[in-house]
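J.: Could you have a look at this structure, given as structure tokens, before my questions?
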Amino acid sequence: MQDRTRLPDADTRALLQQIAARLLAERPQHPMRETLRLALALTFATRRHGYGTARAEHAEELLLAFAPAVEDGTTRKQYAAELLEAAGGGQ
């Protein structure tokens with residue numbers, strides 16, 4: 001389990017922020033789903049580090065470690081706020 005007191009590295013922070021921006025830009029009032037969390041982690045890690053690379057796999061693992069599980073009833077906007085908090089908030 002991820003130590004939530006530890007901040008993610010710069011790459012993971014940037015990816016968390018990019019995913020949050022995407023959720024805020026596209027249908028923010030729609031429900032967030034766990035399957036979307038998984039898909040976005042894979043998509044953003046692959047775009048940044050290349051398909052099938054060890055770096056992309058590691059980035060995806062870190063994203064999933066820092067991005068909290070999706071609770072029922074959470075909107076994409078609410079989840080984006082959680083991602084920004086996981087990325088270090090205002091730091």
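The values are calculated or read from the model by the stated rules, or taken from the named source; none is laboratory data. Given the structure is predicted, the values throughout are model-derived calculations rather than measurements. Reconstructed Cβ throughout: ideal geometry from the backbone, glycine too, with neighbour counts over all protein chains shown. Note: areas computed on protein heavy atoms with side chains; ligands, DNA, RNA excluded. Shrake-Rupley method; radii C 1.70, N 1.55, O 1.52, S 1.80 Å.
J.: With the other protein chains left in place, how much accessible area per residue, in square angstrom, belongs to the chain at a 1.4 angstrom probe?
T.: Each residue of the chain exposes 62 Å² on average to a 1.4 Å probe.
J.: So how strong a dipole does the chain carry about its Cα centre when Lys and Arg Cβ are +1 and Asp and Glu Cβ are -1, to the nearest 20 debye?
T.: 300
J.: If you don't mind, there's one more thing I want to ask. What does the charge add up to near Ala45, with Lys and Arg as +1, Asp and Glu as -1, over the other residues with Cβ less than 12 Å from its Cβ?
T.: Charge balance in the 12 Å sphere: -1.
J.: Could I ask something else about it? For the modelled label position 7 Å from the Cα of His30 along Cα-to-Cβ, which residues of segment 53-85 have backbone nitrogen atoms closer than 15 Å?
T.: Hits in segment 53-85 for His30 at 15 Å: 74-80.
J.: Out of residues 5 or more away from Thr75 or on other chains, whose amide H comes under 5 Å of its own, with H placed 1.01 Å from N in the peptide plane?
T.: Met32
J.: So what is the relative contact order for segment 32-75, in percent, with contacts set as C-alpha pairs under 8 Å and at least six apart?
T.: 50
J.: Right, something else. So what is the diffusion coefficient of the chain in µm² per second by Stokes-Einstein at 10 °C and 1.306 mPa s, using a Kirkwood Rh over Cα pairs?
T.: It diffuses with D of about 122 µm²/s by this estimate.
J.: Relative contact order for the chain: what is it in percent, counting Cα pairs under 8 Å that are at least 6 residues apart?
T.: Relative contact order for the chain comes out at 48 percent.
J.: Follow-up. Using the Karplus equation 6.51 cos²θ - 1.76 cosθ + 1.60 (θ = phi - 60°), what ³J(HN,Hα) coupling, rounded to whole Hz, does each residue of segment 69-81 give in order, writing x for Gly and Pro?
T.: These are the phi-based 3J(HN,Hα) values: 4, 7, 8, 4, x, 7, 8, 4, 5, 5, 5, 4, 4 Hz.
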